[in-house]
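Read-outs throughout are calculated quantities, based only on the coordinates presented, and are distinct from any laboratory measurement. Not measured: the values here are computed from a predicted model. Glycine also receives a Cβ, built like all others from the backbone with ideal geometry; neighbour counts cover every protein chain displayed.
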Amino acid sequence: MSQHDLVIVANRLPVDSRTLPDGATEWVTSPGGLVTAMESVMKGVDSGAWVGWAGSPGEAPDPFEADGMHLYPVRLEAEDVEKYYEGFSNGTLWPLYHDVIVDPEFHRTWWDSYVAVNRRFAKAAAEVASPGGTIWVHDYQLQLVPEMIRSERPDVRIGFFNHIPFPPLELFSQLPKRNQVLRGLLGADLVGFQRESDALNFTAAARKLLGYQVDQHTVTVPGIGASEPRQVLAKCFPISIDAGAITALTEDPELRERAAQLRRDLGDPKRIVLGVDRLDYTKGIRHRLKAWGELLNDDLIDPSETVLVQVATPSRERVDAYRQLRDEVELTVGRINGDFAPIGRPAISYLHRSFDRRDMTALYMAADVALVTSLRDGMNLVAKEYVASRPDLRGVLVLSEFTGAADELRAAILVNPHDIDDLKSSVLRALTMSEEEQEEAMRSLRRQVLDHDVQTWAKLFLEDLEEIGRTAKPGRPAIRLHGEDAPARAELEEALAAFARTPRILVASDFDGVIAPIVADRDAVQPDPRSLTALRELTELPGVNVALVSGRALADLDHHTRMPSTVALIGSHGAEVGALPADFHADVLDAAALTMDDSKQSLLESIIRRLRLISSQYPGTEVEIKPTAAVLHTRQARGRGAGNATEAALEYARTLPDVYVTPGKKVVEFSVVHTSKGSAVQALARAAAADAVLYLGDDVTDETVFTVLDEGDLGIKVGAGDTAAQWRIADTEAAAQLLTALRERRGQDR
Ligand code: GDG
């Protein structure tokens, strides 16, 4: 798979499929503002990619190229569409983030699907970003993606932009799983919003709900345990439109003619008032129709002179609230037309369908007034598009105060759409505004829109993101193997043969998942006798030292392996070192870091108390106590208990600056001494005076070893998952074969 310097992640890919007469599929880029903006920034990078859903449920098409962009489709099953997209995204988040205009619904299965789909997007993005590259995640459907990417790819820069409002704390607090959502977003380096108030709502939530420190626009995310804190910048970047493209369209004589024709088609009214919206309850279409109906009823508008054209683009039609809205809007339009339309032409020309960009611009060019009455809107691009379509400096924009655009387009007639009287008088004012007044207002609006187009928006966002990347510390070394990739078997055989010929070697291995298959009951673990035999026999060969390095307590490891004293045993991720065999230089091991003192002991006791309290709330979890650490095990927890208990433990971990916290597979370990398997293996290699090290591991804690190995060493990951190891084998069976083969080779070579 290729690697890309800039990866855009959005719910939808910027393409629609078209079936050709021969049944083949053709992809056509959908010309939205975001696509245009991204096209312009992608021109500046060597290689750009876009990760998103292709729009139909089921199997995703293979990656393909369109208009110079590399597109990576993400699979969504019909059930994902129902739960992640229509459910949590549009039934929970959308209404909650838009001031609860309709009641948000919440279902735990929707959340589960949201997490699973976000993980799929994160994985797809992490796989295609080049080392040190940039990933830009878009919108509320993917709020968990930044943190998920960060945990896999700490080397990349991550930006997030929220296209919709971020709600005030009182509303956001209603969201079940609100902390997970916040932490997901805080995985980014830069979180962008439409308005300053959205950015402030977000930082207030981080402060109040997570207790994080906030300084103006910067949130400090404490490291887990003793890992470094990170700074996240939360700022507003008001989105815009491709003003240049719209200007070019307005200069097209054919389009001018189309605008004139539209007026004729409507019966040559004196005034055309235009509304263009997705058919969404946030857009205030009902309020607009109510005001229009009253104006007609009060005889303040003459339907033979003034017509309202309402484009209502179909949207989310499988979500109940949207079906209901459509019924209501169509009933109201029908009533108004029935009551007031002159014979042969409508009072309201209602268009429930999509138009192409040219028709849309012709409509803007023909409209004397544009009505934007959203009850809440992140930005509202229609307002900006209308302004960009009026180089003639004619036309009046009536704009809701509750749009992001209202922060910038101050020369519009600003209106509170909830106040129907205000709405009515604003419409009348717009209809009677003099040409001079129109020109003055439009000139000011146009300056704003033309100077701040979508290309500038994208450039500013990426510049800020890059700036953060420059000042941030470099992350962990890049992952070498992704998912299930593995170099060819023959290459591993060759490397193993070279290793076997090295004069002094250290053969070290993790226990669970490598020597013994993982089992639910940790005490019932059954090591593979072939692996134990190979390790034991290796110690009998000259120039070979062997060590088992485990997260288990030393005594526990000893009990389950019963190795001879020639094998070094390291427990508790390096914090417990067993008696070293005679041929190790024990004096070079740094024992100071392992010493417990009174303050560490009392810290450990308080951790144990807290973890026991957490464990008591989640049946099936348990707390293990080690000499220098306490561990929460969640493998046997029921239902969502494992996730929730881990969540609670990690939340607690953030309050402990001097504790080394290691989340693993269904475990979280809190250690009061600073050790890791990596530093333990390095110390052992020194003590054994080894020329090369072979290490086998399967868990995240083994990554601390893989990242410190040198060129001549062999880091071997057992099983799937991203890893810094250079090699991969499938399972404990393959590990037994590999150790046996090594023993045989070393035996033959000597
Ligand atoms: C979200 C936020 C934020 C509509 N019908 C047709 C059509 N459109 C185009 C418009 C405009 C876009 O769709 C709608 O953008 P809005 O900004 O008005 O609203 P949302 O769809 O809700 O977008 C919003 C935006 O994201 C960007 O960040 O501004 O606040 O809610 O461009 O022209 N385009 C065509 N045919 C149609 O029938 N071609």
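With a cut-off of 14 Å between beta carbons, the residues surrounding Ala642 carry a summed charge of +2, where Lys and Arg count +1 and Asp and Glu -1.
Under 5 Å from the amide H of Ser47 lie the amide H atoms of Asp5, Leu6, each residue being 5 or more positions distant or on a separate chain, with H modelled from the backbone and absent for Pro and chain starts.
One Cα centroid belongs to region 532-567, the other to region 263-293; the line between them spans 79 Å.
For region 598-671, the relative contact order is 28 percent, taking Cα pairs closer than 8 Å that sit 6 or more residues apart in sequence and dividing their mean separation by the residue count. Extension gain, His585 to His559, is 6.8 nm, computed as 0.36 nm per intervening residue step minus the present C-alpha separation. Cα centroid separation, region 448-469 to region 1-55: 20 Å.
Rounded to the nearest 0.05, the FRET efficiency derived from the C-beta distance between Ala720 and Thr29 at R0 = 35 Å is 0.50. Rounded to the nearest whole Hz, the Karplus-based 3J(HN,Hα) values (6.51 cos²θ - 1.76 cosθ + 1.60, θ = phi - 60°) of region 725-742 follow the sequence 5, 8, 10, 9, 10, 6, 7, 5, 4, 5, 5, 4, 5, 5, 5, 5, 4, 5, with x at glycine and proline.
For region 261-343, applying the loop criterion from DSSP together with a ceiling of 16 other beta carbons within 10 Å to the trypsin sites (Lys or Arg not before Pro) yields Lys270, Arg318. Residues of region 338-359 with an amide N closer than 18 Å to a point placed 7 Å from the Cα of Ser315 along the Cα-to-Cβ direction: 350-357. Distance between the pseudo-spin-label points of Lys459 and Glu437 (7 Å out from Cα toward the beta carbon): 3.7 nm.
If you take all other residues with their beta carbon under 14 Å from the beta carbon of Met69, and give Lys and Arg +1 and Asp and Glu -1, the sum is -3. Computed over region 243-452, relative contact order equals 25 percent, with contacts defined as Cα pairs under 8 Å that lie 6+ residues apart. Let me make sure I get this right: for region 243-452, a, b and c are the square roots of the gyration tensor eigenvalues over alpha carbons, sorted descending. Under 1.5 in a/c it's rounded, otherwise prolate if a/b > b/c, else oblate. Which is it? Rounded. The lysines whose alpha-carbon is closer than 28 Å to the alpha-carbon of Lys666, local same-chain residues fewer than 8 away aside, are Lys83, Lys123, Lys177, Lys600, Lys626, Lys677, Lys717.
What number, in percent, do you get for the relative contact order of the chain if the mean sequence gap of Cα pairs under 8 Å and at least 6 apart is divided by its residue count?
Answer for the chain is 10 percent.
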